[in-house]
Amino acid sequence: MAGSAGLAVCGQALVVRGGSRFLATTTASSDEDDSLFTYDCSTAEKKSQENKGEDGQPVEKGSDTILASTFSKSGSYFALTDDSKRLILFRTKPWQCLSVRTVVRRCTALTFTASEEKLLVADKSGDVYSFSVLEPNECGKLELGHLSMLLDVAVSPDDRYILTADRDEKIRVSWALAPHNIESFCLGHTEFVSRIFVVPDHPELLLSSSGDCTLRLWDYRRGQELHCCHLTSLQEPAGPWSDKRFAASRIAYWSRDSWVALLCDRVPVVYIFQLEAPGRQLVYKQQLSFQHSVWDVAFEESRGLWVLQDCREAPLVLCRPVGGQWQPVPEDSAVRTVCTQLRGHWAMLEGAASVDEGFSSLYKATFDNVTTYLKKKEERLQQQLRKKRHKNPPPGPNGQTKKVKAGEASWSGSS
């Protein structure tokens, strides 16, 4: 979930974040240090605010940890939100911080519109705010709201629809120009919806993942489920995580041959699927297993799948399909350069896994109050039965009920 180490790739620009810092570099074959850009949110502008809640008590200040980040479609912009309720916008060519704005509540996800004119930010209270990119110092505008926490937000490639995923199993499709008008709901998940992704070269299709261990394909404008893949059926029975609940923390897509990579929370496996758009289905291909915890994955269109893992010696691994099977490829000069840069800034990634709680707190809480009720009911019935027997004892040997009063036995004996 938000707050752990993360990876973002757009074109040849690559960003790795951890804690309050991020590192931006290029995957082009170059040993030059001028391609490296670093930023620390703890040094960002802090606007004076009244840190008091509704009850007048002081509110705990944020930790500057980066909660979410993303590139714009062209890669010209990059944005992030942190635990101190700030939205920070960057220009990437060259890298430059354009603005530091304040958001109302801590955010869970953000995305640029396809036109790159707006930035949509989803927060924990269920609201989506829009912020201008062209006017980087303008305040945000409330666009829409849910009754529960939002976990992801996306826009359609034509900017007509805003798609939101919440903790209450729903995916909502709203009109971008009038978000109070709802086009459809995509219903079917039985746990929180962790990630949604609109397929760029098939703009009518949506991929979604959930705490119910499924990956689903939708025609989102109609709210119709097209395919459902149960991830538990893909696991090896003897695997160390076979009995654990998990949700996808990343859905990545490679337009070349329509590959889909799915990374699940706290599972050192990347699931590889292929989207068959004409047949409107997902075809499972293989698993990529790793010895270390995998923090994030992202596709680079010209190279393949980048995997960010908890390993200082090899923090980044590049995977490509070889003979129809995905596998790590030997390091080239670009991979070595990026890995060397990450090792020099490894402190920002250390402890990222221990800080992140994942999705474990979002699952439905189950209470077995029926067993307690039945037990108490049985005890009550037994108590009533004992009282009834004491009041009406069973009949004697002649079939008559004898009621012996105090002193009766001694009187009959004297006669």
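The values are calculated or read from the model by the stated rules, or taken from the named source; none is laboratory data. Here the structure is a predicted model, which means the values were calculated and not measured. Quick reminder, even Gly has a Cβ in these numbers, built from the backbone with ideal geometry, and neighbours come from all protein chains shown. Ligands, DNA and RNA are stripped out before the accessible areas are found, and what is left, the full protein with its side chains, is counted by its heavy atoms. Shrake-Rupley method; radii C 1.70, N 1.55, O 1.52, S 1.80 Å.
Observations
- With a threshold of 21 Å on the Cα-Cα distance, the over-threshold entries among 73/285; 118/141; 85/124; 124/364; 46/85 are 73/285.
- Computed from Cα atoms alone, the Kirkwood hydrodynamic radius reported for the stretch 154-233 is 12.4 Å.
- Averaged over its residues, the stretch 288-378 has an accessible area of 54 Å² per residue, based on protein heavy atoms and a 1.4 Å probe.
- Karplus-derived 3J(HN,Hα), 6.51/-1.76/1.60, for each residue of the stretch 7-21, Hz, glycine and proline x: 9, 9, 9, 8, x, 9, 8, 10, 10, 10, 10, x, x, 9, 10
- For the stretch 56-160, average projected area of the Cα convex hull in nm²: 7.2 nm²
- Gained length - residue 378 relative to residue 284, 0.36 nm times residue gap less alpha-carbon distance: 28.8 nm
- Between residue 191 and 211, 212, the built amide H atoms are under 5 Å apart, and every one of these is 5 or more places off in sequence or on another chain.
- Modelled FRET efficiency - R0 35 Å, residue 347 with residue 370, Cβ distances, 0.05 increments: 0.10
- Relative contact order computed over the stretch 168-268 (Cα-Cα under 8 Å; 6+ residues apart), in percent: 20 percent
- Exposure of residue 329 as accessible area (Å², to 10), given a probe of 1.4 Å and all protein chains: 30 Å²
- Accessible area of the stretch 123-273 belonging to carbon and sulfur atoms, whole % at 1.4 Å probe: 50 percent
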